[in-house]
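A.B. asks: To start, I am sharing the structure in question, which I have written as structure tokens.
The values are calculated or read from the model by the stated rules, or taken from the named source; none is laboratory data. The structure displayed is predicted, hence computed values, not measured ones. Backbone-built Cβ (ideal geometry, glycine too); neighbour counts: all protein chains shown. Only protein heavy atoms, including side chains, enter the accessible area calculation; ligands, DNA and RNA are left aside. Shrake-Rupley method; radii C 1.70, N 1.55, O 1.52, S 1.80 Å.
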Amino acid sequence: MASPFDSLVDITHSTTMDAWKERNEKALAALFGTRYAKRAENIVKLRAPEMKGGNDSGVPYAAYIHPSNADAGAYGGMSFVIFPVEGAPCLVAMVIGTQGLAPDETILGRPGHARKIQATCAWLNHEFGRGKQVAWAKQDPTRVDIDVPASIQKAFQVYEPPLRRYGRFLYAIYRPMDDRDGTIAAVTAMLDIMFEERGHTPLKEFEADAGATRSAWFEHLMPTTARSDVVGLLEARRYVIIQGPPGTGKTRMAREILAQDYAGAGQTIQFHPNTTYENFVGGLAPLQESTGGKGALGFRFAPKPGSLIEAATKACEDPARNYLLHIDEINRADLGKILGEAIYLFEPDPESPRELSLAYDFGKPFFRKLQLPNNLHVLGTMNSADRSIAILDVAVRRRFAFLSLWPSLKVVEDHGCDLGKKAFQELVSTFIEHATDEALPLVPGHSYFLGKDEERARTNLQTSLVPLLTEYLAQGYVSGFAEPIRAYLQGLESL
């Protein structure tokens, strides 16, 4: 089936600038009444100078800009631009006009716009890069004082003229490859985002296609982590932490892995602020004993293995079978202090066997020399929303592999009702659009939206989700977008 973007993609892959403005006018007109409504013509206009020597930049382009801009001269706001160059397809880009952010300062300054563009570029690299970087996005589009990084300029060297002239104003770029599929994907995603930001979504005929494109880049914004992903990483790295917002099923997944993939060979412990080195690795503990005479009792201190030594001992008993130590709420304690010098042992692939001298003799099989057997795997789970606990230091993070577990719409669709699905989509959208990078991991997980009938879903929302969001507001965690959260809460309380 022909795509409304075919003419634009043809221009992008062509090597001629003949009838440049006329061809681009036809390509833009082809988008309306097809993918977008005819009235969407009112929110964009074309700037495509013929480049006959009158343009002071000397860099040809075709830009879809805000209609409030003049017909010539510098323009402002968000724009979609293609830059033709000699010997290569056009560079595809999202650009802020050299006149400034207005009239799109609200869109460009919203975290969600940058977030969606970054996810789009991540998807393009993953899907169409074939091992090369074909797309790049700036962290903050509004930072027109920051140029395209030198490494990107070098990789995109064929596009040196537009990068040199407009580099500070480019906030997303895609270099087309030989096939058109990547170009169609880039153009589709960027224009869908731009038109949606200005209030126009694709028409019904293209809803499925638009949804597929959105799902593709959304997978790089909140990626899906399957149980098999965690198990595979444990096999490769041995020490893994699952992190994510509350209610995403981190502990449940860990328990399923222990029960099903390790056939119950392992144990679960939970960290808390009072967990110590002695609890986890080992230390002296009081033992009650008889002191003789009329049943008198006394105490003495003796070495007692902690959870780590116990797990290592169990793993040694059957070297052919993997043993899993699951540590729930691993960041509720200071892991650096709890591990102490034992952190030296947490190297997934050491060049030679690592051994730690212990302060006490803990008996068989290690006595005073602790080693972690290769079949011992450690899986931690941590709640990224809990700000009252220790932050894992760099030394700890280097020794563990991390996977993120994000809220899943599919879980809500499979185990929830329409009310839960609507509430989920609205709240996730609010966080994506308005949350800072620091606040995004606070987005509540899918478990808050479950309930097969509306009554159960309503109860779950009002008794679990409302208190959580209220606490976020009280603690100032969502202060940057408190009003949208308050509006959402008012909606829940009125159910």
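A.B. asks: In this structure, does His446 turn out to be at pLDDT 95 or above and out of contact with any Cys (no Cβ under 8 Å at 6 or more places or on another chain)?
C.D. replies: Yes: the conditions hold for His446.
A.B. asks: List the pairs whose first member sits in segment 309-327 and is touching a residue at least 40 places away in the same chain (Cβ under 8 Å) and more than 14 Å from Phe346 (Cβ to Cβ), whose second member is part of a helix (DSSP H, G or I) and open to solvent by 80 Å² or more (accessible area, probe 1.4 Å), and whose Cβ atoms are under 7 Å apart, counting only residues at least 6 apart or on separate chains?
C.D. replies: Between residues of segment 309-327 that are touching a residue at least 40 places away in the same chain (Cβ under 8 Å) and more than 14 Å from Phe346 (Cβ to Cβ) and residues that are part of a helix (DSSP H, G or I) and open to solvent by 80 Å² or more (accessible area, probe 1.4 Å), the close pairs are Tyr323/Lys314.
A.B. asks: Conditions first: (1) open to solvent by 40 Å² or more (accessible area, probe 1.4 Å); (2) under 22 Å from Trp217 (Cα atoms); (3) at pLDDT 95 or above; (4) not polar (S, T, N, Q). Arg130 passes all but one, so which condition is the exception?
C.D. replies: Answer for Arg130: the failing condition is (3).
A.B. asks: Okay, moving on. Limited to segment 14-45, what total is found for residues that are of a type in the set (Phe, Trp, Tyr) and either under 18 Å from Lys204 (Cβ atoms) or open to solvent by 60 Å² or more (accessible area, probe 1.4 Å) (or both)?
C.D. replies: Total satisfying the criteria: 2.
A.B. asks: Something else now. Taking Asp418 and the conditions (1) open to solvent by 10 Å² or more (accessible area, probe 1.4 Å); (2) touching a residue at least 40 places away in the same chain (Cβ under 8 Å); (3) more than 30 Å from Thr313 (Cβ to Cβ), which numbered condition does it fall short on, given that it satisfies the others?
C.D. replies: So Asp418 meets the others, but not (2).
A.B. asks: Still on this structure, please answer the following. Take the residues in segment 320-365 that are surrounded by 17 or more Cβ atoms within 10 Å (Cβ to Cβ) and of a type in the set (S, T, N, Q), then tell me which one is modelled with the lowest pLDDT.
C.D. replies: Asn331
A.B. asks: Count, please, the residues in segment 48-59 that happen to be within 16 Å of Ala19 (Cβ to Cβ) and either at pLDDT 95 or above or surrounded by fewer than 13 Cβ atoms within 10 Å (Cβ to Cβ) (or both).
C.D. replies: Residues in segment 48-59 being within 16 Å of Ala19 (Cβ to Cβ) and either at pLDDT 95 or above or surrounded by fewer than 13 Cβ atoms within 10 Å (Cβ to Cβ) (or both): 2 in total.
A.B. asks: Among the numbered conditions (1) under 30 Å from Gly247 (Cα atoms); (2) free of Cβ contacts under 8 Å to residues at least 24 places away in the same chain; (3) surrounded by 13 or more Cβ atoms within 10 Å (Cβ to Cβ); (4) of a type in the set (A, V, I, L, M), tell me where Met382 comes up short.
C.D. replies: Looking at each condition in turn, Met382 falls short on (2).
A.B. asks: Pairs please, first residue from segment 111-140 and closer than 19 Å to Asp192 by Cα, second anywhere and among the aromatic types (Phe, Trp, Tyr) and in a helix (DSSP H, G or I), Cβ atoms under 8 Å, 6+ apart in sequence or on different chains.
C.D. replies: Going by the 8 Å Cβ cut-off, the qualifying pairs are Lys116/Trp217; Ala119/Trp217; Ala119/Phe218; Thr120/Trp217; Ala122/Trp217; Trp123/Trp217.
A.B. asks: Of Glu455, Glu438, Glu433, which residue is open to solvent by 60 Å² or more (accessible area, probe 1.4 Å), under 30 Å from Ile107 (Cα atoms) and not aliphatic (A, V, I, L, M)?
C.D. replies: Glu438 is the lone residue from the list that is open to solvent by 60 Å² or more (accessible area, probe 1.4 Å), under 30 Å from Ile107 (Cα atoms) and not aliphatic (A, V, I, L, M).
A.B. asks: Identify all residues within segment 343-355 that are in contact with a strand residue (DSSP E or B) (Cβ under 6 Å, 6 or more places away or on another chain) and within 17 Å of Thr275 (Cβ to Cβ); write none if there are none.
C.D. replies: Phe346
A.B. asks: How many residues does segment 1-13 hold that are without any contact (Cβ under 8 Å) to a residue 40 or more places away in the chain and either under 17 Å from Met51 (Cβ atoms) or assigned to a helix (DSSP H, G or I) (or both)?
C.D. replies: Qualifying residue count, segment 1-13: 3.
A.B. asks: Related question: Kindly indicate the residue of segment 458-482 that is in contact (Cβ under 8 Å) with a residue 60 or more places away in the chain and open to solvent by 60 Å² or more (accessible area, probe 1.4 Å) and also nearest to Thr248 (Cα to Cα) among those meeting that condition.
C.D. replies: Residue satisfying both the conditions and the ranking: Tyr477.
A.B. asks: Taking the options Met51, Met17, name whichever one is in a loop (DSSP other than H, G, I, E, B), among the hydrophobic types (A, V, I, L, M, F, W, C) and in contact (Cβ under 8 Å) with a residue 40 or more places away in the chain.
C.D. replies: Checking each option against the conditions leaves just Met17.
A.B. asks: With the condition kept exactly as written, say whether any residue in segment 393-409 is within 21 Å of Thr120 (Cα to Cα), in contact (Cβ under 8 Å) with a residue 24 or more places away in the chain, out of contact with any strand residue (DSSP E or B) (no Cβ under 7 Å at 6 or more places or on another chain) and part of a helix (DSSP H, G or I).
C.D. replies: Yes, segment 393-409 contains at least one residue that is within 21 Å of Thr120 (Cα to Cα), in contact (Cβ under 8 Å) with a residue 24 or more places away in the chain, out of contact with any strand residue (DSSP E or B) (no Cβ under 7 Å at 6 or more places or on another chain) and part of a helix (DSSP H, G or I).
Results for (1) more than 21 Å from the chain's Cα centre (by Cα); (2) surrounded by fewer than 19 Cβ atoms within 10 Å (Cβ to Cβ); (3) charged (D, E, K, R), shown as yes or no for each residue.
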{"position": "Gln153", "(1), (2), (3)": "yes, yes, no"}
{"position": "Arg164", "(1), (2), (3)": "yes, yes, yes"}
{"position": "Leu170", "(1), (2), (3)": "yes, no, no"}
{"position": "Asp181", "(1), (2), (3)": "yes, yes, yes"}
{"position": "Ala185", "(1), (2), (3)": "no, no, no"}
{"position": "Ile193", "(1), (2), (3)": "no, no, no"}
{"position": "Leu203", "(1), (2), (3)": "yes, yes, no"}
{"position": "Val230", "(1), (2), (3)": "no, no, no"}
{"position": "Gly247", "(1), (2), (3)": "no, no, no"}
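A.B. asks: Assigned to a loop (DSSP other than H, G, I, E, B) and either open to solvent by 40 Å² or more (accessible area, probe 1.4 Å) or more than 22 Å from Val148 (Cβ to Cβ) (or both): is that true of Gly112 in this structure?
C.D. replies: Spelling it out, it is not the case that Gly112 is assigned to a loop (DSSP other than H, G, I, E, B) and either open to solvent by 40 Å² or more (accessible area, probe 1.4 Å) or more than 22 Å from Val148 (Cβ to Cβ) (or both).
A.B. asks: Assuming Thr120 fulfils every condition listed in (1) modelled with pLDDT under 95; (2) among the hydroxyl-bearing types (Ser, Thr, Tyr); (3) within 33 Å of the chain's Cα centre (by Cα) apart from one, which condition is it?
C.D. replies: Of the numbered conditions (1) modelled with pLDDT under 95; (2) among the hydroxyl-bearing types (Ser, Thr, Tyr); (3) within 33 Å of the chain's Cα centre (by Cα), the odd one out for Thr120 is (1).
A.B. asks: Still on this model: Can you pull out the residues in segment 334-371 that are among the hydroxyl-bearing types (Ser, Thr, Tyr), farther than 14 Å from Lys304 by Cβ and in a loop (DSSP other than H, G, I, E, B)?
C.D. replies: Ser352
A.B. asks: Spot the failing condition for Val412; the list is (1) in a helix (DSSP H, G or I); (2) aliphatic (A, V, I, L, M); (3) surrounded by fewer than 19 Cβ atoms within 10 Å (Cβ to Cβ), and only one is missed.
C.D. replies: (3) is the only condition that Val412 fails.
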